[in-house]
Each structure stands twice: as C-alpha cells, then as structure tokens.
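Novice: There's a structure below that I have some questions on.
The values are calculated or read from the model by the stated rules, or taken from the named source; none is laboratory data. Not measured: the values here are computed from a predicted model. We place every Cβ from the backbone using ideal geometry, glycine too, and count neighbours over all the protein chains shown. Just the protein is used for accessible areas: all its heavy atoms, side chains included, with ligands, DNA and RNA removed. Shrake-Rupley method; radii C 1.70, N 1.55, O 1.52, S 1.80 Å.
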Amino acid sequence: MGSEAARIARRRDQAVHAAVGQGLLSEAEPVAALLDVAGIRDSAAGLRAAFAAAAAPGTRVLHAFAVKACPLVPVLRLLHEEGLGAEAASPGELALARAAGVPPHHTVLDSPAKTGADLREALALGVPVNADNPQELARLDALTRETPPRAPLGLRVNAQVGGGTIGALSTATPTSKFGVPLRDEGAREWIVRAFLDRPWLTRLHTHSGSQGLPLRLMAEGVRVVYELAEEINAAAGRRRVGTLDIGGGLPVNFASDDTAPTYAEYARLLTAEAPGLFDGRYALVTEFGRSLLARHGTVLARVEYTKTAGSRPIAVTHAGVQVAARTVYDPASWPLRITAYDSGGTPKPGPPTVQDVAGPACFAGDLLAAARPLPPLSPGDVVAALDTGAYYFAHHYAYNALPRPGVYGFAVRPDGTVRFATVRAPQRADEIVAEAGGEHRDALLPE
Ligand SMILES: *Cc1c(COP(=O)(O)O)cnc(C)c1O
C-alpha cells in the first residue's frame with residue numbers, strides 16, 4: 001500500500017471513530033455518509049497538475065466535474081474553489097452547478113435530450129453546449145439565427161472505438177445512443193460539412209465510456225476525435241475547431257486505497273496516442289466524475305441484527321439498495337470493499353468469517369456483500385462501504401421509502417480530532433410523506 005493510500009485509510013478510520021463518538025450515527029440515524037474533504041482536494045489538485053505537466057505552457061484547460069457523479073451543491077462548490085468547473089447533463093444538474101456558484105463559462109451542458117427550452121436557457125446564460133445529434137444542431141441553427149451565441153458550442157461524436165466490461169457504461173459502441181456515430185456511412189463528411197457551414201460551431205466532444213472501459217480505448221477515442229478536428233481545420237483552411245472536450249471516464253480501483261490508474265498516467269497515455277493534443281493549439285475540456293470523488297466517500301451503517309440462514313451468517317445492517325443501487329442490482333460489476341468497526345467505531349479484530357452483509361430493504365437481493373470474509377459482526381457494530389463517493393449515496397434509491405441519509409464532509413485536524421460539516425441533512429419522515437404526494441392525500445377520492 002502506498003503512503004497516500006495509507007493516509008486515506010488512516011483519515012477514514014479517524015473519521016469513523018469521530019462520527020460514532022459525535023453521534024452522527026445513532027439509533028435515530030443508523031446510516032450516515034462521509035466525504036473526505038482533503039482527499040477530494042488532493043484528487044482535484046492531482047488532475048490539474050497532470051494536465052498542466054502534459055500540456056504546452058499557456059494551454060487552456062477546463063476540468064468540468066461531471067455533476068452526475070456527485071450531485072451535491074457543497075461538493076460542486078468545493079471543486080469550484082479548487083479551480084474545477086461543472087459538466088451538467090440535465091436542467092437539474094445545471095441548476096446545481098449554478099447554485100454552487102460555478103460560472104457559465106466553467107460549465108458545459110451535455111444532456112442527450114435537451115428540450116428547446118433547455119437550449120434557450122443555456123444560450124441565454126452563456127453556458128457552452130455540446131449538441132448530441134443533427135436534429136439538435138438544427139435547433140441551434142434556428143436559435144443562433146435569432147441571437148448570436150455568447151458561448152462556444154460543440155458537437156458530440158461517438159468515436160465507435162468499442163465497449164468495455166460494463167455494457168451500460170460503454171458509450172462508444174457502434175450503436176451507443178450518444179453523439180454522432182463517426183464511423184457510420186457518410187457521417188464523417190457530414191460532420192466536416194457541419195463545421196464548415198457554422199462559424200459558431202467550435203468544439204468537438206467525445207466521452208467513450210466509464211468504469212470498465214480499457215484505458216487504451218479511452219485514449220483511442222480521444223485520438224480519433226483529435227484527428228477529426230485536424231481534418232476539419234485542414235478542410236476549412238483555418239482554425240474552426242478550437243476546443244476538444246475529451247470527456248471523463250477514468251476508472252477507479254475499487255480493490256484497495258491505491259489510486260490506479262492516476263491522472264498522470266492517463267495524460268502520458270494521451271500524449272503518446274495523440275501528441276498534437278497537448279501542443280497548445282487546442283483548448284481542452286475534461287469531464288471526470290468518478291475518479292475525482294469515488295474513493296473519498298464512505299457509507300457507515302449500524303448492524304441491527306445478526307443471524308444465520310442455511311449456516312450462512314448474515315449481518316442485517318441499515319445500508320443497502322437505497323445507498324448502493326448499482327452494487328445491489330449488479331454485484332458482479334460493482335463489488336464494494338466493506339470494513340468492520342465495533343460499536344465505538346474502532347476497527348474490529350477477529351478471524352475472517354464468511355458472511356453476508358445485508359441491507360434493510362424488503363427484497364432478497366438487498367446485499368452490500370455476499371459471502372464476504374469479515375470479522376464476526378454483532379448487533380451495534382458499524383460496517384463501512386468504501387469508495388462510495390460517486391454514484392452511490394448521492395444517488396438515493398427510494399425503495400421502501402428509506403430516507404436519504406445525512407452526508408457529512410470531514411477534515412482531520414493536526415491533533416487528530418475531526419471536524420464534520422453537514423453537506424446534506426438526513427431526510428425526515430415528513431419530507432418523505434411530502435414527496436409521496438402527502439399534500440394530495442384525497443386526490444383520488446370521489447369529489
Ligand atoms: C458520465 C459522464 C462523464 C463522467 O464519467 P466518469 O466515469 O464519472 O468520469 C463525463 N462526460 C459525460 C458526457 C458523461 O456522460
């Protein structure tokens with residue numbers, strides 16, 4: 001384990017102990033989520049440094065955090081303070097980015113199904129937009145005839161370089177739903193013409209996939225789009241495409257606290273694959289999500305009961321599908337590390353014993369981990385689901401009307417004490433009722 005990994009693990013243990021000691025986890029709040037503020041800052045700094053090292057001096061690089069990975073306003077605000085922007089893929093995500101104070105020119109709107117109103121709003125705000133398809137480009141034609149755009153506009157391309165091990169996250173297959181499929185017949189010529197005909201179209205965008213996509217294919221997707229930009233600019237006889245938006249997708253190591261691959265490794269791979277990418281002729285936009293946040297989030301849950309079924313020990317905890325939908329529904333693709341603590345929040349010793357870590361939801365598949373060797377768990381113990389800072393607790397799944405747990409950012413002071421800040425308050429029962437149509441109680445009764 002590297003020293004950075006050791007520091008992450010140590011901070012996490014300190015935070016778990018403090019969360020239990022300070023009552024964030026209790027009978028009333030048996031689930032809580034923690035975010036490691038120092039870890040998030042380190043990841044943001046690592047991303048900036050990697051691209052700054054790879055790119056020629058003066059190259060403009062905007063790292064637009066993919067809001068969907070962790071749609072929490074204080075997180076977007078922290079990343080904004082760290083010099084990052086926001087990539088929004090829906091009106092809601094755009095609203096979150098604005099609420100966090102991310103300025104329009106540090107934002108990118110990418111949603112695949114933008115309405116006319118969405119496009120109008122983005123243009124009015126001066127938010128750069130990547131069009132997904134020819135019909136959307138036609139809408140932009142109409143809108144830009146009314147008012148010349150204040151923000152750069154781009155076109156998303158599906159480089160069709162192939163998929164990875166998780167089909168649902170592979171966006172560069174021949175039939176993926178995103179962008180203009182570059183290798184389809186006639187598409188390349190159509191794209192070149194689209195740029196030649198539209199002086200306001202100045203960006204190319206691609207995002208070939210997320211977790212499970214081999215790094216080699218990610219880099220190939222970027223190269224393919226870089227080459228397309230070169231072709232467009234050559235055909236125009238001058239610079240038409242000035243910015244390349246290379247998407248996100250760097251995979252996360254869910255097996256240990258070691259960061260692999262690193263941003264620096266990816267930047268080196270891109271340099272080798274498409275040397276011209278970083279030579280300063282193109283401004284760059286990136287859209288990393290999971291790799292910035294995943295390892296800095298931890299879900300804590302109390303063990304309520306322990307039992308055995310068919311000789312399998314089972315710990316019944318309060319964290320399941322509501323905070324870990326992907327793991328519960330597709331455990332083979334999304335295994336999570338689980339660590340065990342005693343009721344005081346101290347790492348629990350004991351011989352590894354194969355057991356299931358179950359959640360609170362009423363369906364059999366609601367397991368955080370199946371047949372996992374862990375110290376024998378007892379009621380009152382605490383389990384932690386690691387690497388859940390992206391696409392987990394911030395993506396609540398409201399099964400069984402289970403409440404959204406509180407989310408707390410933590411910072412460890414030099415003396416080892418821990419300060420928590422509320423990022424999202426735990427959801428109350430009256431809020432659940434309100435969201436479930438509580439105010440329309442009699443709506444279905446006869447008048
Ligand atoms: C999801 C997504 C991202 C972020 O992907 P990560 O795997 O979280 O880095 C970036 N860009 C687009 C267009 C996306 O859909």
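Novice: In the chain, what % of DSSP beta bridges are antiparallel (nearest 5)?
Specialist: Counting DSSP beta bridges with both partners in the chain, the antiparallel share is about 50 percent.
Novice: Go through Ile314, Ile191 and list them by solvent-accessible area, largest first, probe radius 1.4 Å.
Specialist: Sorted by accessible area, descending: Ile314, Ile191.
Novice: Also, I was wondering about something else. Within the range 103-195, list the GluC sites (Glu not before Pro) lying in a DSSP loop whose Cβ has at most 14 other Cβ atoms in a 10 Å radius.
Specialist: Glu185
Novice: Counting other Cβ atoms within 10 Å of each Cβ, which GluC sites (Glu not before Pro) in the range 1-107 have at most 16 and sit in a DSSP loop?
Specialist: Passing sites in the range 1-107 are Glu27.
Novice: Nearest 500 deg cm²/dmol is fine: what mean residue ellipticity at 222 nm does the chain get from its DSSP H runs of n ≥ 4 alone, each adding -39,500 (n - 2.57), divided by its residue count?
Specialist: After summing the helix terms and dividing by the residues of the chain, the value is -9500 deg cm²/dmol.
Novice: Follow-up question, since we're still on this one. Given the Cα atoms of the range 237-372, and with Rh set as the inverse mean 1/r over their pairs in the Kirkwood sense, what is Rg to Rh to two decimals?
Specialist: Using Cα coordinates only, the ratio equals 1.17.
Novice: Note the full-extension length gain between Glu435 and Ala45 as 0.36 nm times their separation in residues minus their Cα-Cα distance, in nm to one decimal.
Specialist: Gain on extension, Glu435 to Ala45, equals 136.6 nm.
Novice: In whole percent, what relative contact order does the chain give with Cα contacts below 8 Å and a gap of six or more residues?
Specialist: 19
Novice: Relative contact order for the range 37-289: what is it in percent, counting Cα pairs under 8 Å that are at least 6 residues apart?
Specialist: Relative CO of the range 37-289 lands at 22 percent.
Novice: Hey, what's the per residue convex hull volume over the C-alpha atoms of the chain, in cubic angstrom?
Specialist: 172
Novice: Okay, moving on. Heavy atoms only, probe 1.4 Å: what % of the accessible area of the range 22-125 goes to carbon and sulfur, would you let me know?
Specialist: 58
Novice: Among the lysines, which fall within straight-line cross-link reach of Lys68, defined as a Cα-Cα distance under 18 Å, with same-chain neighbours fewer than 8 residues apart omitted?
Specialist: Within the straight-line cut-off, Lys68 pairs with Lys114, Lys177.
Novice: Can you work out the accessible area per residue across the range 337-447, with the rest of the protein chains kept in place, probe 1.4 Å, in square angstrom?
Specialist: On a per-residue basis, 51 Å².
Novice: Shifting gears a bit: Carbon and sulfur atoms: what percent of the 1.4 Å accessible area of the range 182-314 do they account for?
Specialist: Using a 1.4 Å probe with all protein chains present, the range 182-314 comes out at 50 percent carbon and sulfur.
Novice: OK, next. Dividing the alpha-carbon Rg of the range 161-205 by 2.2 N^0.38 Å yields what?
Specialist: This ratio for the range 161-205 stands at 1.38.
Novice: Could I ask something else about it? Could I have the simple spin-label model distance between Ser176 and Arg239, label points 7 Å from Cα toward Cβ, reported in nm to one decimal?
Specialist: According to this spin-label approximation, the distance is 2.8 nm.
Novice: Count the net charge of all other residues whose Cβ sits under 12 Å from the Cβ of Asp118, scoring Lys and Arg as +1 and Asp and Glu as -1.
Specialist: With Lys, Arg at +1 and Asp, Glu at -1, the net is -2.
Novice: In Å, what Rg and Dmax follow from the Cα atoms of the range 330-447?
Specialist: Looking at the range 330-447, its Cα Rg and Dmax stand at 18.5, 65 Å.
Novice: Considering only the range 37-289, what is the antiparallel percent among its DSSP beta bridges, to the nearest 5?
Specialist: Looking only at bridges with both residues in the range 37-289, the antiparallel portion is about 5 percent.
Novice: About the Cα centre of the range 293-368, how large is the charge dipole given +1 on each Lys and Arg Cβ and -1 on each Asp and Glu Cβ? Please answer in debye to the nearest 20.
Specialist: 140
Novice: Rank these residues by their accessible area, most exposed first, probe 1.4 Å: Glu287, Glu220.
Specialist: Glu220, Glu287
Novice: Let me ask you something else. Taking the Cα atoms of the range 37-289, what is the range of coordinates along each of the three principal axes, in descending order and whole Å?
Specialist: 50, 38, 38
Novice: Follow-up question, since we're still on this one. Give the residue list of trypsin sites (Lys or Arg not before Pro) in the range 188-263 that are DSSP loop and have at most 11 other beta-carbon atoms within 10 angstrom.
Specialist: Arg238
Novice: For the range 101-245, what is the accessible area per residue in Å² when the probe is 1.4 Å?
Specialist: Per-residue value: 41 Å².
Novice: Follow-up question, since we're still on this one. Charges at C-beta only: +1 for Lys and Arg, -1 for Asp and Glu. How large is the resulting dipole of the chain about its Cα centre, in Debye rounded to 20?
Specialist: Magnitude of the dipole: close to 780 debye.
Novice: Next question. Sort Arg295, Arg281 by heavy-atom solvent-accessible area, probe 1.4 angstrom, most to least.
Specialist: So the residues, ranked largest to smallest area, are Arg281, Arg295.
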